[in-house]
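The structure appears below as structure tokens.
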Amino acid sequence: MQLGSRLLLTFVPPLAALIIRLLRFFVRCEVLGQERLTDEWERGNRVIISFWHDQLLLMVCGYPGKRANTLISPSKDGELLARTMRLFGHEAVRGSSSRGGREAFKHLLKLASEPTDFVLTPDGPKGPRHQIKDGVIQLARMTGRPIIPMAFVCSKGHRFASWDKFLFPYPFSRGVYSFGAALFYQRGESTDSFRERIEQAMKANQRAAESCLEARGATAV
């Protein structure tokens with residue numbers, strides 16, 4: 001590994017974790033529907049949390065659990081993200097739809113018997129934006145775990161000119177975390193049918209977060 005890469009991997013994750021914590025401290029947030037997640041835990045279910053890739057930055061601060069395994073791409077950027085997530089107590093499973101996906105999926109299946117939640121961005125790592133890929137569908141089907149849609153919106157921030165229009169919230173903005181109702185795969189259901197249910201649930205959860213923000217006199221960026 002070159003010196004520049006070693007320096008990046010050493011110093012960027014702690015800096016990124018600090019920025020995330022500071023942003024969360026300075027963004028006024030409220031939470032909708034968290035009981036939908038905690039109710040599943042009380043029933044003995046560990047879950048698959050699903051949110052869009054563009055909302056990733058502050059999601060780790062909105063997760064109220066103690067342990068999660070996040071599916072992260074095996075790219076260099078993914079390594080930086082994985083090391084950052086470890087600073088929040090979360091583990092990474094490395095893989096994507098285009099690289100290492102089969103091995104990552106097998107690893108998640110092995111972890112399914114452990115008391116840990118899974119976190120996926122179903123349109124990552126390269127899009128198309130806000131379109132569900134097969135990974136989250138098959139994981140729910142094969143593990144029997146419910147999918148919990150999660151969303152984050154804020155009133156002020158910057159949208160990058162990336163494929164996902166990545167959101168960087170501004171300090172002193174108003175934010176909303178929202179958790180949707182649990183979605184279980186129904187035996188015999190087609191992949192397309194389940195995909196449609198997940199996509200509609202995630203869109204509805206997004207609208208709920210945006211509506212909450214609008215009720216406070218703000219508009220989501």
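Values quoted throughout were computed directly from the atomic coordinates according to the rules given, and no laboratory measurement underlies them. Quantities reported herein were computed from a predicted structural model and do not represent experimental measurements. Because the Cβ atoms are built from the backbone with ideal geometry, glycine has one as well, and the counts that use them run over all protein chains shown.
What to note about this one:
- Qualifying residue in the range 153-176 (condition: under 15 Å from the mean Cα position of the chain (by Cα), of a type in the set (G, A, S) and buried (at least 21 other Cβ atoms within 10 Å of the Cβ)): no
- Strands (runs of 3 or more DSSP E) (entirely within the range 1-110) containing at least 1 residues that are of a type in the set (A, V, I, L, M, F, W, C) and in contact (Cβ under 8 Å) with a residue 60 or more places away in the chain: 28-32, 48-50, 68-72
- Among the residues of this structure, A182 counts as one that is surrounded by 15 or more Cβ atoms within 10 Å (Cβ to Cβ), touching a Pro at 6+ places or on another chain (Cβ under 8 Å) and aliphatic (A, V, I, L, M).
- Count - residues of the range 132-172 that are part of a loop (DSSP other than H, G, I, E, B) and either without any contact (Cβ under 8 Å) to a residue 24 or more places away in the chain or more than 25 Å from E189 (Cα to Cα) (or both): 12
- Single unsatisfied condition, M85 versus (1) surrounded by 20 or more Cβ atoms within 10 Å (Cβ to Cβ); (2) closer than 21 Å to I132 by Cα; (3) of a type in the set (A, V, I, L, M, F, W, C): (2)
- Scanning the range 173-191 for residues that are under 29 Å from L108 (Cα atoms), in contact (Cβ under 8 Å) with a residue 40 or more places away in the chain and in a loop (DSSP other than H, G, I, E, B) gives G180, A181, A182, F184, Y185.
- Hits in the range 111-131 - residues which are assigned to a loop (DSSP other than H, G, I, E, B) and buried (at least 19 other Cβ atoms within 10 Å of the Cβ): T121, P122, D123, G124, P125
This table checks each residue for (1) among the hydroxyl-bearing types (S, T, Y); (2) surrounded by 14 or more Cβ atoms within 10 Å (Cβ to Cβ); (3) more than 19 Å from the chain's Cα centre (by Cα).
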position	(1), (2), (3)
L3	no, no, yes
L7	no, no, yes
T10	yes, no, yes
F25	no, no, yes
G33	no, yes, no
W41	no, yes, no
Q55	no, yes, no
P64	no, no, no
